[in-house]
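One structure is given below, encoded as structure tokens.
The values are calculated or read from the model by the stated rules, or taken from the named source; none is laboratory data. Fair warning: this is a prediction, and the values are worked out from it, not measured in the lab. Backbone-built Cβ (ideal geometry, glycine too); neighbour counts: all protein chains shown.
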Amino acid sequence: MIAFLVRRLLQAIAVMAVVALCAFFMFQFVGDPVNQMVGEDATKADREYLRESLGLNDPIPVQFGKFALKAAQGDFGVSYQHKRAVSTLIVERMPATLELAVTAAILAALLGVPAGVYTGLRRFGFTSKLIMTLSLIGISLPTFLIGILLIYLFAVILGWLPSFGRGEIVKIGAWETNFLSVSGLKSIILPAITLALFQMTFIMRLIRSEMLEVLRADFIKFARARGLPNRAVHYGHALKNTLVPVITIIGLQLGSLIAFAIITETVFQWPGMGQLFLQAVQVVDIPIMSAYLILIAFFFVVINLIVDMLYYVVDPRLRVDQPSGGGGHG
Amino acid sequence: MGPPSVWHRIWDSDIFYSFRSSKITMVAAFLTALIFLLAIFAPLVAPHSPYDVATVDLMDAELPPAWEAEGDPRFLLGTDNLGRDLWSTILFGTRISLAVGFLSVIFGLVVGVSLGLVSGYVGGYVDSFIMRVAEIQLSIPGILIALLLAGTLRGVLSAEAYNDAIVYVLVLTIGTSIWPQFARTVRGSTLVERNKEYVLAARVIGLSRFSIMWRHVLPNVMGPVLVIATINLAIAILSEATLSFLGVGVPPTEPSLGTLINEGQNYLFSGLWWITIFPGMVLAVLVLAVNLLGDWLRDALNPKLR
């Protein structure tokens, strides 16, 4: 167990090192930081001075060392576009994105899991087929299109919900929330649904296919033969066994939440980290882009580590030392 | 009666039977083929030429579809904000979307299958390294990878060069985001094939590793690749649409479906719904049809379900 953990940790560190290298090279090869930061009338002497004081004339390994050290402390430099510290910008926008992501995740789980279980248990019913068809459409429609359609329906035609922005924000200490105002609550509905839709259909289809596979297994037959009521068989035995791959997938889903948050935030003008990143890409604001790269990589590495460890804990088969495993079910 | 012709054999085959018996799949295939043909022959089918600046008149801008009151019968689905006929622009835009989609899948396929073959056959450190990279990449959503790559390239090239080379940029970025799936599957199949007798026989004869991989193992591992390719075609088309929607894809001068939807979003509130809705519908139908085809293909070729 310890060897496993150590190996994974070492791999994680190696990945972060490579990512940091990539982020660093982004600075080196993409555009010229000095030109980006000063106006056009800066003299050559001024630029040289700036270059020297930024440490851009140091040898490359030294620059990389400084870069890595600063990154580890959370200092990602100053944004070209906003002229403010990148870390401040990110922290400012984090509440917006986090509230949206968490709302969407809860929505997706609340609706996706029961739907998956239902369509897995009653796969030939009409409602099941209906849900499956809707889910196929959910996967095929791009997120931004769903967002736009929702805006068109609920904001333009019906006028029930706002079409952009976060509504009124209430400050609690350092955190700005939009849950405490009516306009804020109204504003989060459409973006959260948009973000949740893809996850929801994904989770639902996954749980369904896992349930179908597990229900075919022998131990389910034996449980029924023993006379266990359907409820015990379905939830006690079948559902528990579907959880193992579902854990990985939830880990993956957290990742895709970030990606789709970028799109959703853009469609709804939601002032979160995703929108910040996209604007940075559009104007080639390297500090923000490289900060995002490092943060995302860190996030994924941590998620993968946690998922791996959870796997180890949840699936007893992985803990069996003997190769034969005795044929027992997990 | 002589031996059955090729057509009879296809008609009676397992795969075609499962195709015939699923109406949805046949509809999906028909729709996909229809969209393909319309896109390929866009220059012949489109009533107007939307990229020819001489024929586009700003006075025609923002006209609603022909069946509405202020519509113009010349422009079936209305015009966009620059006065281009929407139907023609959609046709050409679908062309770009499909081209980028296909090329990205081919790129990802070539890279992924090659790396998978090498990884599975050669094994050792090469295998570990390639698979590690693939695993890491698989855990990050494709859009993010594509966005980061696109953003970096945008910084390296000037804005003009970027737009000129946009198709190559998109194919490169989207292809990079999908190769790991191909690599993983092919590696798995290669590991299985490697121990079979025909490979051992080839090695005994003294064929080079490259020759064995390319001419003997490869044909036997291509099956699942087809399914992955189809599913990834839908993903590639969606990725291109998303990147264009976000502004880092195809520029508005020769817009793809995603770019059109983005442009149209600005006019949604003024009531000009057609600029967004029609390209959106085409995109949705296209991706849905390709997804359905991929689903059917996966079930038809899945040995466990036979």
Which numbered condition A:LEU278 fails, given (1) surrounded by fewer than 23 Cβ atoms within 10 Å (Cβ to Cβ); (2) more than 14 Å from A:ILE90 (Cα to Cα): (2)
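Quick grid of which residues meet (1) surrounded by fewer than 19 Cβ atoms within 10 Å (Cβ to Cβ); (2) in a loop (DSSP other than H, G, I, E, B):
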site	(1), (2)
B:PRO251	yes, yes
B:ILE275	no, no
B:PRO279	no, no
B:LEU288	no, no
B:LEU293	no, no
B:ARG298	yes, no
Please determine, by comparing only the residues of region A:288-313 that are within 29 Å of A:GLY167 (Cα to Cα) and away from chain B (no Cβ under 11 Å), which one is surrounded by the fewest Cβ atoms within 10 Å (Cβ to Cβ). A:LEU295
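Within region A:21-54, work out how many residues are away from chain B (no Cβ under 14 Å) and at pLDDT 80 or above. Quick ask: steps written out before the conclusion?
So in region A:21-54, the residues away from chain B (no Cβ under 14 Å) come out as A:34, A:37-54.
Retained after the next criterion (residues that are at pLDDT 80 or above): none.
Residues flagged as away from chain B (no Cβ under 14 Å) and at pLDDT 80 or above within region A:21-54 amount to 0.
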Residue check: is A:SER135 in a loop (DSSP other than H, G, I, E, B) and within 14 Å of chain B (Cβ to nearest Cβ)? no
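With A:GLN279, A:GLN199, A:GLN253 as the choices, which residue is in a helix (DSSP H, G or I) and under 28 Å from A:ARG84 (Cβ atoms)?
Details: A:GLN199 fails: under 28 Å from A:ARG84 (Cβ atoms); A:GLN253 fails: under 28 Å from A:ARG84 (Cβ atoms).
Of the residues listed, the single one that is in a helix (DSSP H, G or I) and under 28 Å from A:ARG84 (Cβ atoms) is A:GLN279.
Give region A:152-169 a look and list any residue that's within 26 Å of A:THR97 (Cβ to Cβ), in a helix (DSSP H, G or I) and more than 7 Å from chain B (Cβ to nearest Cβ), or say none.
Keep residues of region A:152-169 that are within 26 Å of A:THR97 (Cβ to Cβ), which gives A:152-156, A:160-169.
Checking which are in a helix (DSSP H, G or I) leaves us with A:152-156.
Residues satisfying the conditions are A:LEU153, A:PHE154, A:ALA155.
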Conditions (1) modelled with pLDDT under 80; (2) assigned to a helix (DSSP H, G or I); number of the one not met by A:ILE288: (1)
May I ask you to list the residues in region B:125-162 that are more than 9 Å from chain A (Cβ to nearest Cβ), at pLDDT below 80 and touching a helix residue (DSSP H, G or I) at 6+ places or on another chain (Cβ under 9 Å)? B:LEU157, B:TYR162
Every residue in region A:258-282 that is of a type in the set (A, V, I, L, M, F, W, C) and within 9 Å of chain B (Cβ to nearest Cβ), please. A:ILE258, A:ALA259, A:PHE260, A:ILE262, A:ILE263, A:VAL267, A:PHE277, A:LEU278, A:ALA280, A:VAL281
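Looking at B:LEU283, B:LEU243, B:LEU293, B:LEU233, which one is within 14 Å of chain A (Cβ to nearest Cβ), closer than 23 Å to B:ALA66 by Cα and within 18 Å of the chain's Cα centre (by Cα)?
Numbers: B:LEU243 fails: closer than 23 Å to B:ALA66 by Cα; B:LEU293 fails: closer than 23 Å to B:ALA66 by Cα; B:LEU233 fails: closer than 23 Å to B:ALA66 by Cα.
From the options B:LEU283, B:LEU243, B:LEU293, B:LEU233, the qualifying one is B:LEU283.
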When residues of region B:115-135 are filtered for being farther than 14 Å from B:THR190 by Cα, among the aliphatic types (A, V, I, L, M) and surrounded by fewer than 20 Cβ atoms within 10 Å (Cβ to Cβ), how many remain? 2
